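Down below is the structure, laid out as structure tokens.
The values are calculated or read from the model by the stated rules, or taken from the named source; none is laboratory data. As the structure is a computational prediction, the values presented were derived from the model and not from experiment. Note: ideal-geometry Cβ built from the backbone for every residue, glycine included; neighbour counts use all protein chains shown. Heads up: the accessible areas ignore ligands, DNA and RNA and are worked out on the full protein's heavy atoms, side chains in. Shrake-Rupley method; radii C 1.70, N 1.55, O 1.52, S 1.80 Å.
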Amino acid sequence: MMRQRAFGDSSGAAARPGAQQYRPRIRGRSVATVKRRCARLCVRAGRDISDANFPRTADGCTYHLGTKRGQVSNRILTVGSVSRAEMLSKLLQPLAPGMTQPLSVLSSRGFLTATGLYNGVPVSIVSHLMGIANMDFMVRECRAVTDGTMAVVRLGTCGALQPPAKLGDLLVASAGAIFVRRDPDAWTLNDGTPPYATSLPVLPDAELSAALAAEGARQLGPQHVVEGLNATADSFYSSQGRVGGDFDDRNSTLASDLCKLHPNLLSMEMETFQMLDLARCSNGSIRAASMCIALAERYSNRFLEHNKLLAIEMAAGRIALTTLSQLRLEDSASFSKKLLEISAATPRLSTNGNGNGMLASAFWDGPPPER
């Protein structure tokens, strides 16, 4: 149930500059070109989709992620950016002898899944793209093709709303996440209905979140890890309090009002709440935690330099993968053995089961990162 709060009006200063755009490529082709080719493969394959309630192909591939059982580990590092997923996949070793690199599946919807070994433990890196709907696809469809308890760590970027969070810090949502949404009835009725509504916090898995923060402090130093509350918004602009532009968003005090209401609020982005909410509704089958890189300081309007971001992404990726590989999960040993057996028999260069994706070559053009 949503609890409504009245936040702000429509006035304010200009929005901050946008971030640099990334254009990952596969074998010299743009991602858009590859997705079009994948869609044609799907038509040529002629595979029917079964079960409109949870669509997948006859051989078990999910509708959006395009993966099936044996291609996804029950330890998942999920990131928004496809290029970040591919870059971090260079930290993984092949799953089985005879494989030269991790197993990779790129769906025609743009979701990339890379599965390999980290410290000898099977781990998948899965892109979830942007927003709560895409996070919903990622969690539900990975859950559908994995066995045993599933552990998920989100590594994303966010805006730091107030000190002590600062540029480049790792902000761990140890206090959970609230959901902030725009209420269209405020504009329809125009009767004083609050324009934005917030939920109560949803908590992460306490052990996983604490381990993530501790590993971050160990690798980067405690001065670069801050724990607190996250706010997940249904928009990059209006519901995150970005002001100016061509729309009546009534949000000029939204960010400051949220900080007053939640003194431990540190970060704002668009996915963490949905992941934590699905984990708590999974009947105990999913453990989830979130850690985001402070890409922008909303309170000072500063933005992190691109070259610094890449280095922090790699460091944060190692932190998340180390945490996942060391986490004790029920049925972990038996599932890992099953995954290795299935993956060893999977062809490396072929389309996936429904033609809705393909095994991808590297986006990351640099040398393999150091472990």
Flag for S107 being in contact with a Leu (Cβ under 8 Å, 6 or more places away or on another chain), modelled with pLDDT under 95 and either crowded, with 24+ Cβ neighbours inside 10 Å or not small (G, A, S) (or both): yes
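Tell me the residue from R287, R280, R250 that is of a type in the set (K, R) and either without any contact (Cβ under 8 Å) to a residue 40 or more places away in the chain or more than 19 Å from D205 (Cα to Cα) (or both), please.
R250
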Count - residues of the stretch 111-130 that are surrounded by fewer than 19 Cβ atoms within 10 Å (Cβ to Cβ) and under 22 Å from T272 (Cβ atoms): 1
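From the list R44, R56, which residue is more than 27 Å from N119 (Cβ to Cβ), open to solvent by 80 Å² or more (accessible area, probe 1.4 Å) and modelled with pLDDT under 85?
Details: R56 fails: open to solvent by 80 Å² or more (accessible area, probe 1.4 Å).
When all the criteria are applied, what remains is R44.
Kindly state which strands (runs of 3 or more DSSP E) lie completely within the stretch 102-204 and contain at least 1 residues that are of a type outside the set (F, W, Y), within 19 Å of R84 (Cα to Cα) and in contact with a Lys or Arg (Cβ under 7 Å, 6 or more places away or on another chain).
In the stretch 102-204, 121-127, 150-160 are the strands (runs of 3 or more DSSP E) which contain 1 or more residues that are of a type outside the set (F, W, Y), within 19 Å of R84 (Cα to Cα) and in contact with a Lys or Arg (Cβ under 7 Å, 6 or more places away or on another chain).
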Residue list for the stretch 128-149, filter: under 15 Å from the mean Cα position of the chain (by Cα) and of a type outside the set (D, E, K, R): H128, L129, M130, G131, I132, A133, N134, M135, F137, M138, V139, C142
Matching residues in the stretch 286-317 - criterion: being part of a loop (DSSP other than H, G, I, E, B) and open to solvent by 30 Å² or more (accessible area, probe 1.4 Å): R298, Y299, S300, N301, E305
Restricting the stretch 82-97 to residues that are of a type in the set (G, A, S) and surrounded by 21 or more Cβ atoms within 10 Å (Cβ to Cβ), the residue that is farthest from N119 (Cα to Cα): A85
Test result for A320, outside any strand (DSSP E or B), crowded, with 24+ Cβ neighbours inside 10 Å and in contact with a helix residue (DSSP H, G or I) (Cβ under 9 Å, 6 or more places away or on another chain): yes
Candidate set from the stretch 233-281 (those that are β-branched (V, I, T) and within 20 Å of S300 (Cα to Cα)); member that is surrounded by the most Cβ atoms within 10 Å (Cβ to Cβ): V243
Cross-chain or 6+ apart pairs with Cβ under 7 Å, the stretch 77-101 first and at pLDDT below 95, then among the β-branched types (V, I, T) and crowded, with 24+ Cβ neighbours inside 10 Å: L95/T115
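A quick yes/no check of all residues on (1) over 20 Å from E313 (Cβ atoms); (2) open to solvent by 40 Å² or more (accessible area, probe 1.4 Å):
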site: D136; (1), (2): yes, no
site: A160; (1), (2): no, no
site: G176; (1), (2): yes, no
site: V180; (1), (2): yes, no
site: D185; (1), (2): yes, yes
site: Y196; (1), (2): yes, no
site: G216; (1), (2): no, no
site: Q219; (1), (2): no, yes
site: Q223; (1), (2): no, yes
